[in-house]
1. For the range B:87-145, which whole-number percentage of the solvent-accessible area (1.4 Å probe, protein heavy atoms only) is attributable to carbon and sulfur atoms?
2. What is the interface area between chains A and B, defined as buried accessible area summed over both chains with a 1.4 Å probe, reported in Å² to the nearest 100?
3. What pairs in A:K15/A:K80; A:K53/A:K100; B:K16/B:K80; A:K16/B:K16; B:K15/B:K80 have C-alpha atoms more than 24 Å from each other?
4. Hey, can you find the accessible area per residue of the range A:1-123 for me, probe 1.4 Å, expressed in square angstrom?
5. Sorted by accessible area (1.4 Å probe), largest first, how do A:L35, B:L81, B:L24 line up?
6. Identify, for chain A, the residue whose C-beta comes nearest the rotation axis onto chain B, and round that distance to whole Å.
7. At 37 °C and a viscosity of 0.692 mPa s, what translational diffusion coefficient does Stokes-Einstein give for the range B:7-139, taking Rh as the Kirkwood radius over Cα pairs? Give it in µm²/s as a whole number.
8. Using alpha-carbon pairs under 8 Å, 6+ residues apart, how would you state the relative contact order of chain B in percent?
Protein chains: 2
Amino acid sequence: MSEFIGTVGGGYDAKKGRISVPSLFRSQIAGPGALEIILRRSRHKRCIEVWPKADYMAEVDARVEGLSKLSAEYQSVMRKLVGKIHTLTLDPDGRVVMPKELAEHAGFEGELQFSGRGAYFEIWNAAAFAEEEARLDAEDEGGDV
Amino acid sequence: MSEFIGTVGGGYDAKKGRISVPSLFRSQIAGPGALEIILRRSRHKRCIEVWPKADYMAEVDARVEGLSKLSAEYQSVMRKLVGKIHTLTLDPDGRVVMPKELAEHAGFEGELQFSGRGAYFEIWNAAAFAEEEARLDAEDEGGDV
DNA sequence: TGGGATAGCACGGGATTTCGTGGGACCACA
DNA sequence: TGTGGTCCCACGAAATCCCGTGCTATCCCA
């Protein structure tokens, strides 16, 4: 199981729409053969989620386990979890071209932040990330974490 | 399970941002292969917490056991426990380069103090540590510890 | 019990490799 | 022949490794 840990900065090559996956995370993208990743836009946040393909598909399988493929729930889950995602392969330098739809959703330009979430990691516009962290940390004030 | 016991002094190489993990604690950082540690800033104190990676991740795993990786709670827990930490590997001399963010939070310069807390240990600016100890000891006056 | 040899540890400074990044070449397809 | 996508190469910066050195604590033996 992959472990995406910590947060690092990086740049967005607006000219080519290209990002370089930080070495820290690249080494965690396992899998047979080429390094395949799943990208999807976060539903409620202005960021992109990145998963190793095999891990993501395992989560989907777990989610629909036991359901008939003809059932309405199977169809609904699949529409949301696999209908809207992008599959990309890292190039030899560990970079990928970000689909425009995703780059726009997350407001990519200039500086980015890559933040580990264990099984996956998120990519943020650096300024938006700082705002969001400050907001959530303030909410948590007084917690025992 | 590791046992970090006692308090020892050490230095901070400001030029390279490097610290040498005291031999007393180094021998307690177990794990397969390379010696990996987790660093995180203490939420309420001006110090850095250091954990053996395996032990820290075991705590995290226990916290999210049974949760779907697609759930909001998994995401929230991981943001706090995994997104904000740093993974470092001891170099052949038992040293690590302290991330700037952490060195600043704890005010590292000149002399440091490494203080065991059982499962982990803390790193303090030596002067700040002395202050904090004096303050807490005064509070405890009359206690039976 | 004192003194000298030895090993381990902390520390400083270079040398080497890796990583991120920009730009250009090549190929497929239209 | 234009266009988009992928691959390849090269450069600068930064992280990593690898030495050598001095000090301190330990051990051994007289």
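The values are calculated or read from the model by the stated rules, or taken from the named source; none is laboratory data. Since this is a predicted model, take the numbers as computed values, not measurements. Positions of Cβ are backbone-derived with ideal geometry, glycine not excepted, and every protein chain shown enters the neighbour counts. Just so you know, the surface numbers come from the protein's heavy atoms only, side chains and all, with ligands and any DNA or RNA stripped out. Shrake-Rupley method; radii C 1.70, N 1.55, O 1.52, S 1.80 Å.
1. Working: 1640 of 3360 Å².
Carbon-and-sulfur percentage of accessible area, whole number: 49.
2. Working: alone 8770 and 8790 Å², together 15580 Å².
Using a 1.4 Å probe on protein heavy atoms, the buried area is about 2000 Å².
3. Values: A:K15/A:K80 31 Å; A:K53/A:K100 20 Å; B:K16/B:K80 28 Å; A:K16/B:K16 35 Å; B:K15/B:K80 31 Å.
Pairs exceeding the cut-off: A:K15/A:K80; B:K16/B:K80; A:K16/B:K16; B:K15/B:K80.
4. Working: 6440 Å² over 123 residues.
For the range A:1-123, the solvent-accessible area averages 52 Å² per residue.
5. On the way: A:L35 55, B:L81 25, B:L24 85 Å².
The ranking, largest first, comes out as B:L24, A:L35, B:L81.
6. A:G66, 33
7. Numbers: Rh = 15.8 Å.
So the translational diffusion coefficient is about 208 µm²/s.
8. Working: 220 pairs, mean separation 54.0, N = 145.
Value for chain B: 37 percent.
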